[in-house]
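Since every read-out is calculated from the coordinates, none of them should be taken as a lab result. Predicted model only: the values in this text are computed from it and were never measured. Quick reminder, even Gly has a Cβ in these numbers, built from the backbone with ideal geometry, and neighbours come from all protein chains shown.
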Amino acid sequence: MNSSEEIHQLEREMHLTLDPRRRAKLQALWLVARGSLQQQEIAQITGISSSSLRLLVRQFRLHGLVCLEDRRKNNTRPRKIALEIEAKTPKELQQLLEAQGVRVHLSTAFRFLQRQGIRSVKVLAQPPMPDENSVPVLLN
């Protein structure tokens, strides 16, 4: 597992992927393919256990990059949701997401809007308008 083409392919995939799990696996395979470190060192660097790394290398040798596919059973919801945000308040965002089938807590919607630079404004009760007959009182 050390052809220069294979190393280049792993490096390219590692830089293109957005999934942190897949990136860690690709980095581990890339380091194994380079042959500069022992597998125990690679496991420590990437945060993958030594036994999982041995299994990953064996699966990669047999199946190639297909072994990196996400096989978790309960991973049906997409990691990122692309939608145009028309919401100005956390409650509006929560309702918009629920319409898309995603349930989020109100505090999560609030934090998301904060990260987007949208500050929700708390509307305070307006004081009553003075009557035409009322006399303004000035306080010293």
Could you work out the Rg to Rh ratio of the range 4-68, with Rh taken as the Kirkwood radius (inverse of the mean 1/r over all Cα pairs)?
-> 0.92
Fewest first, what order do Leu65, Leu53, Leu16 take by the number of other Cβ atoms within 10 Å?
-> Leu16, Leu65, Leu53
In the range 1-76, with Lys and Arg counted as +1 and Asp and Glu as -1 at Cβ, which of these residues, Met14, Ala33, His63, has the Cα nearest the positive end of the dipole, that is, farthest along it?
-> His63
Under the Karplus relation 6.51 cos²θ - 1.76 cosθ + 1.60, θ = phi - 60°, what is the ordered set of whole-Hz ³J(HN,Hα) values for the range 39-55, x standing for Gly and Pro?
-> 4, 5, 5, 5, 4, 5, 5, 8, x, 9, 5, 4, 5, 5, 5, 4, 5
Estimated distance in nm for a label pair at Arg71 and Arg21, the labels positioned 7 Å out from Cα along Cα-to-Cβ = 1.2
So what are the ³J(HN,Hα) numbers for the range 5-20, from phi and the Karplus equation (6.51, -1.76, 1.60; θ = phi - 60°), rounded to whole Hz, Gly and Pro as x?
-> 5, 5, 4, 5, 5, 5, 5, 5, 4, 4, 7, 8, 6, 9, 7, x
